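For reference, the structure discussed in these notes is given below.
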Amino acid sequence: MLKPQRNTRIQRKNSQAILDAALEVFSRHGYRGSTLDQIAQEAGLSKPNLLYYFPSKEDIHVTLLSAMLETWLAPLHRLDPDGDPVEEILKYVQQKLDMSRTQPRESRLFANEVLQGAPRIMAALKGELRMLVEEKSAVIQAWMDDGKLTRLDPKHLLFSIWATTQHYADFDVQVSAILNRSGEDHFPQAGAFLKNFYRRALTPS
């Protein structure tokens, strides 16, 4: 079998099938519990065929994580220094919650990587993510200094937003069990709660 040429239709189709399958397998079993055989079976490809596109399990994992990190950071990039401070943060909270609803497997993939010590994305966490958090924390601090937001630690505010929104993806089974619901029924209520919670916390008294 000849290796497909890069950028051909079949190459793009098979690469995407492998990545979709790997996302499902990794989010279900974690990196250590996943195998190339499982990914190949999920993708409907033979293991040798899979290896023509990705030389290793780690290569697939890093490809997924890189795309996930770019998507994960996009809403924070959009935090507008010239916007209304409370509304900008509430918009960010809703965008993060929407990501938990529409991309739960990606969220769990990222969470599993961090829980293992982030060996494959530590450089990005210490580089791109840290710089972005520093930049947006300075924006939030300026809003607080101008009396437009309640004084809080900007970085810990962002941590809390990540925790409260990504919880609905990473701990979906627990949330659904406690609420006795399935699917996405609880997301409108979660959005309303978080909007009210952060509006109250951030609006100066």
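The values are calculated or read from the model by the stated rules, or taken from the named source; none is laboratory data. Being a predicted model, the structure only gives us computed values, none of them experimental. No Cβ is skipped: glycine too gets one built from the backbone with ideal geometry, and neighbour counts run over all protein chains shown. Side chains included, ligands, DNA and RNA excluded: accessible areas come from the protein's heavy atoms. Shrake-Rupley method; radii C 1.70, N 1.55, O 1.52, S 1.80 Å.
Some values worked out for this structure:
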read-out	value
Separation in nanometres of the label points that stand 7 Å from Cα toward Cβ, at Ala192 and Asp146	3.2
Cα centroid of segment 9-86 to Cα centroid of segment 110-127, whole Å	15
Label selected from [x] 35; [y] 24; [z] 39, the criterion being percent of Cα pairs over 28 Å apart as computed here	[z]
Area of Ser182 that stays accessible when all protein chains are in place (1.4 Å probe, Å², to 10)	80
Rounded to the nearest 10 Å², the accessible area of Glu106 at probe 1.4 Å	40
Pairs beyond 21 Å (Cα-Cα), from Lys96/Lys195; Lys148/Lys195; Lys57/Lys96; Lys91/Lys136; Lys155/Lys195	Lys57/Lys96
With every protein chain in place, segment 165-205: carbon and sulfur % of accessible area (1.4 Å)	56
Karplus (6.51, -1.76, 1.60) ³J(HN,Hα), θ = phi - 60°, over segment 69-78, in Hz, Gly and Pro reported as x	5, 4, 5, 5, 7, 4, x, 5, 4, 7
Modelled label reach - Ser205, point 7 Å along Cα→Cβ, segment 136-176 residues with backbone N closer than 17 Å	147-153
Where N is the number of residues in segment 33-94, Cα Rg divided by 2.2 N^0.38 Å	1.77
Theoretical FRET efficiency, 1/(1+(r/R0)^6), r = Cβ-Cβ of Thr71 and Arg32, R0 35 Å, to 0.05	0.90
Rounded FRET efficiency, nearest 0.05, which uses the C-beta distance separating Thr8 from Arg181 and R0 of 41 Å	0.40
Pairwise FRET efficiency - Thr102 versus Gln174, Cβ, R0 = 22 Å, nearest 0.05	0.70
³J(HN,Hα), Karplus 6.51/-1.76/1.60, whole Hz, each residue of segment 61-67, x for Gly, Pro	4, 5, 4, 5, 5, 5, 5
Vicinal HN-Hα couplings computed from phi for segment 10-18 (Karplus, 6.51 cos²θ - 1.76 cosθ + 1.60; Hz; Gly/Pro x)	5, 5, 5, 4, 6, 4, 5, 4, 5
Computed label-point distance, nm, for sites Glu134 and Met122 using a 7 Å Cα→Cβ extension	1.9
